[in-house]
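What follows is one structure encoded as structure tokens, with my remarks underneath.
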Amino acid sequence: MGYYDDYYFKQPTVGELRAKAEKMIKKANKKGENWNPVPVIDGRKIAKSWWGKAWCDNLERYADYDNRLERGRRYVRHGAVVDLDITEGKVTAKVMGSGSEPYDINVDISPLSEEKVNHIVSECSGRLANAEALISGKFPDELKELFLEKGMLFPTPQEIKFSCSCPDWAYMCKHVAAVLYGVGARLDTDPVLFFTLRRINISEFVDAALMNRVETMLANADAKSQRIMDKNEIDGLFGVI
Ligand SMILES: [Zn+2]
């Protein structure tokens, strides 16, 4: 026997799913509801930026749900995620499935620990250009290593909780999986949302990076004046003055 969902409902074809999702979005727009869908994804890659890809790769850690992940990827690709919103520590979404109405999905993610926040701030210290790049909507390549470090910035399975209104009794159904991949696609276009999701105050982060930069500059300036003084002293010794 397949999943509850397969057993009781006829699975929609890709074409049906796309058509249903489009219809639902139009209907919501007419009612003045402001849905924010994950657009249909062309090509094999769900996310194109390295940080979006890194988010998606991290989902492979939920290997227990491999089967659902594969279905989730298919769902998000075909535009089934008709609404997706990222707020502090939370993702709320609607995914079209076999029912006539989309299912409601909630994902809760723990805030990044203070220890990890401090770690990123110190890693970014003296790299103000990075902080500025972040605000302008790009993750600088220098942060790649930090982001790709397992268990550092992306949520571990223990730090994430989800629920879906569908009848599938699996803890992670394909709708949840579609939403998690949808987050990867959304981060492509708006990486700052990552900070929102993990409840990192971006302005504090930038301030801290700036403060560290200033401190580094002052320290360097001190070292420089120290060197000048040393030279003067040496000159003095040789009577050059
Ligand atoms: Zn579901």
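Observations on the model:
- Over 30 Å (Cα to Cα) - which of LYS27/LYS138; LYS23/LYS144; LYS10/LYS94; LYS31/LYS138 fall in this group: LYS27/LYS138; LYS23/LYS144; LYS31/LYS138
- Rh by Kirkwood over Cα pairs, then Stokes-Einstein D for the stretch 21-91 at 1.306 mPa s and 10 °C, µm²/s: 116
- For the peptides 45-54, 69-78, the ranking by mean Cβ contacts within 10 Å, running from highest to lowest, is 69-78, 45-54.
- Amide H within-cut-off set for LYS90, under 5 Å, with H built and near neighbours excluded: ILE109
- Along each principal axis, taking the top coordinate minus the bottom one, the Cα set of the stretch 80-205 gives 53, 27, 21 Å in descending order.
- When the square roots of the Cα gyration tensor eigenvalues are ordered a ≥ b ≥ c, the ratio a/c for the stretch 10-58 is 1.5 or more and a/b does not exceed b/c, which makes its shape oblate.
Quick note: the coordinates plus some simple rules give every number you see, no bench work behind them. All figures in this text were calculated on a predicted structure; none of them were measured in a lab. Cβ sites come from the backbone with ideal geometry, for glycine too, and all protein chains shown count toward neighbours.
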